[in-house]
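**Q** Handing you this structure, nothing more for now.
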Amino acid sequence: MTDQHDDRDDQPDYRPDTTAIRAGRPDDQTALAPVIWASSTFVSNSVDEGRAMATSTDATRFYSRYGNPTVSAFESAIAELEGAESARAFASGMGAVTGVVLGLCSTGDHIVTQHQLYAGTQMLFQAVCPRFGIDVTFVDAADPDAWDAAVVPGRTTLLFAESPANPRLDLVDLDRLGSVRGPMTVVDSTFATPLAQRPLDHGVDLVVHSATKAIGGHNDATLGAVAGSRELLDWIWGFAVLQGANASPFDAAAGLRGIRTLGVRLDRQCATAARLAELLEADARVKDVRYPGLASHPQHELAVRQMRRFGGLLTFDLVGGLDAGARFVESTRLCQLATSLGGPETLVTHPASTTHVNLLPDELAAAGIGPGTVRISVGLEDPDDVIADVFAALDTLGD
Ligand SMILES: Cc1ncc(COP(=O)(O)O)c(C=O)c1O
């Protein structure tokens, strides 16, 4: 687990996209690209040195489940981009989410989270937490009063938010969340990335990422990260070394490579997503187009206040319902039917017939998933080709 480099304090105040090019490059190396330390273990020079490393949250040359130099470089980049004291990388986004929840909560605790969540996180709260005697209350992410109101004084230890949220891109008011006193606050900021929003700047305690998505950016790494204060990250580290969901150095190197190009990739994805959202909004076969950058998004003003970019994801409903949704995602040719986001390829999903097929009707409704809901993760193709493909698929649905 890694703290930001102190000796960077005398650097000029670079803008975030510049920081992304330089972050996580250890000063003791002349290699410009990440060096991959594949070793699972490291030789100690003495018993004292071994003992010191076995008990240090900073140990990067003891045993790679505890820490690893390549992983540490990725952690330092994430900490720097999020404005955090410290960060820990995990083997996946779910590794990071589980590391936070089970690392910080105990039997008898109470968690507040939202209805609109990535399905894996929802299962953790719905099915796993109760097994450990941890109660969970679900609130509407977009209702800024709901979070505070659900806190049970003396029992609620964690408020866990996801913003923008899967799949309808509902937003959580980060200033309001960060101002709740008592419980620790966490934001899964995967859909935004550190270059679109920084939850810690709003007083939130921890930020979580599935770096499998836009941070890795090429669909070739499974990786997660948590960033926040040194104190909280030390607690999480204590659980994480036993949890064993540590990041691979190969994936950490892929994460560092992804961070270097994140800014330009996001610019392209955001521009295409914004154009596509506007065009879809004007089409009668489509309703309720959700994109944080659209003036019609119910929380557009909040998006402008807390996001530097509006992201590469958009969601809409097909007027034709379930059949139209399933037919649409099978009819695109350039856009592929796959569940992930933030990569070079444009991906389409139809949650009601795929990822969320097991949800009950009221659970689907609470998550904002209708029979014709379609989510698009815009990639890096020529925007005209993406738009043409989406509208050709719409044309197959008839009037
Ligand atoms: C918002 C969000 N959080 C967490 C995860 C889990 O990440 P991973 O698949 O890397 O475990 C995902 C995966 O889709 C996600 O979309």
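The values are calculated or read from the model by the stated rules, or taken from the named source; none is laboratory data. In this text, all values refer to a predicted model and were calculated from it rather than measured experimentally. Because the Cβ atoms are built from the backbone with ideal geometry, glycine has one as well, and the counts that use them run over all protein chains shown.
**Q** Within the stretch 73-95, count every residue that is among the hydrophobic types (A, V, I, L, M, F, W, C) and surrounded by fewer than 24 Cβ atoms within 10 Å (Cβ to Cβ).
**A** Summing the residues that are among the hydrophobic types (A, V, I, L, M, F, W, C) and surrounded by fewer than 24 Cβ atoms within 10 Å (Cβ to Cβ) in the stretch 73-95 gives 2.
**Q** Filter the stretch 151-174 down to residues that are surrounded by 19 or more Cβ atoms within 10 Å (Cβ to Cβ) and more than 20 Å from V100 (Cα to Cα) and give me whichever is nearest to the ligand (Cβ to nearest atom).
**A** In this case the residue turns out to be P167.
**Q** Among the residues of the stretch 219-237 satisfying the criterion of being over 15 Å from the mean Cα position of the chain (by Cα) and either modelled with pLDDT under 95 or not in a helix (DSSP H, G or I) (or both), which is nearest to R257 (Cα to Cα)?
**A** Across the stretch 219-237, the extreme among qualifying residues is D220.
Residues are listed down the side, and each one gets a yes or a no for (1) more than 16 Å from the ligand (Cβ to nearest atom); (2) buried (at least 21 other Cβ atoms within 10 Å of the Cβ); (3) within 28 Å of T19 (Cβ to Cβ):
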| residue | (1), (2), (3) |
| --- | --- |
| R265 | yes, yes, yes |
| R268 | yes, no, yes |
| Y291 | yes, yes, yes |
| S296 | yes, no, no |
| F328 | yes, yes, no |
| L334 | yes, no, no |
| S340 | no, no, yes |
| P344 | yes, no, yes |
| I369 | no, yes, no |
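**Q** Let me ask you something else. Looking at (1) away from the ligand (no atom under 16 Å from the Cβ); (2) in contact with a His (Cβ under 6 Å, 6 or more places away or on another chain), which is the one condition that is false for R198?
**A** (2)
**Q** Answer with yes or no whether R305 is in a loop (DSSP other than H, G, I, E, B), charged (D, E, K, R) and under 24 Å from the mean Cα position of the chain (by Cα).
**A** So R305 fails the test.
**Q** Got a sec? Which helices (runs of 4 or more DSSP H) wholly within the stretch 42-136 have at least 1 residues that are more than 21 Å from S163 (Cα to Cα) and of a type in the set (S, T, Y)? First the steps, then the outcome.
**A** Values: elements: 47-54, 69-82, 93-104, 119-123.
Once the helices (runs of 4 or more DSSP H) in the stretch 42-136 are filtered for at least 1 residues that are more than 21 Å from S163 (Cα to Cα) and of a type in the set (S, T, Y), what remains is 69-82.
**Q** Among the candidates T212, T261, T272, which residue alone is surrounded by fewer than 19 Cβ atoms within 10 Å (Cβ to Cβ) and either at pLDDT 95 or above or not assigned by TED's automatic domain parsing to the domain that holds L195 (or both)?
**A** Selected residue: T261, the only one of T212, T261, T272 that is surrounded by fewer than 19 Cβ atoms within 10 Å (Cβ to Cβ) and either at pLDDT 95 or above or not assigned by TED's automatic domain parsing to the domain that holds L195 (or both).
**Q** Answer yes if at least one residue in the stretch 205-224 is more than 13 Å from the ligand (Cβ to nearest atom) and among the polar types (S, T, N, Q), and no otherwise.
**A** No, the stretch 205-224 contains no residue that is more than 13 Å from the ligand (Cβ to nearest atom) and among the polar types (S, T, N, Q).
**Q** For a quick check of your reading of the model, give me the residue pairs whose first member lies in the stretch 171-187 and is part of a strand (DSSP E or B), whose second is of a type in the set (D, E, K, R), with beta-carbon atoms closer than 8 Å and at least 6 apart or on different chains.
**A** If the second residue must be of a type in the set (D, E, K, R), the pairs left are M184/D205; T185/D205; V186/D205; V187/E162.
**Q** Return only the number of the condition from (1) over 28 Å from the mean Cα position of the chain (by Cα); (2) polar (S, T, N, Q); (3) crowded, with 24+ Cβ neighbours inside 10 Å that T70 does not satisfy.
**A** (1)
**Q** A further question on this structure: Mind telling me which of the residues L177, L223 ends up being buried (at least 23 other Cβ atoms within 10 Å of the Cβ), assigned by TED's automatic domain parsing to the domain that holds Y118 and out of contact with any Leu (no Cβ under 8 Å at 6 or more places or on another chain)?
**A** Of L177, L223, the one residue that is buried (at least 23 other Cβ atoms within 10 Å of the Cβ), assigned by TED's automatic domain parsing to the domain that holds Y118 and out of contact with any Leu (no Cβ under 8 Å at 6 or more places or on another chain) is L223.
**Q** Identify the single condition in (1) within 20 Å of S340 (Cα to Cα); (2) assigned to a loop (DSSP other than H, G, I, E, B) that V204 does not satisfy, given that it satisfies every other one.
**A** V204 satisfies all of (1) within 20 Å of S340 (Cα to Cα); (2) assigned to a loop (DSSP other than H, G, I, E, B) except (1).
**Q** Please determine, by comparing only the residues of the stretch 364-399 that are of a type in the set (S, T, N, Q) and more than 18 Å from H115 (Cα to Cα), which one is modelled with the highest pLDDT.
**A** Checked the stretch 364-399; the qualifying residue modelled with the highest pLDDT is S377.
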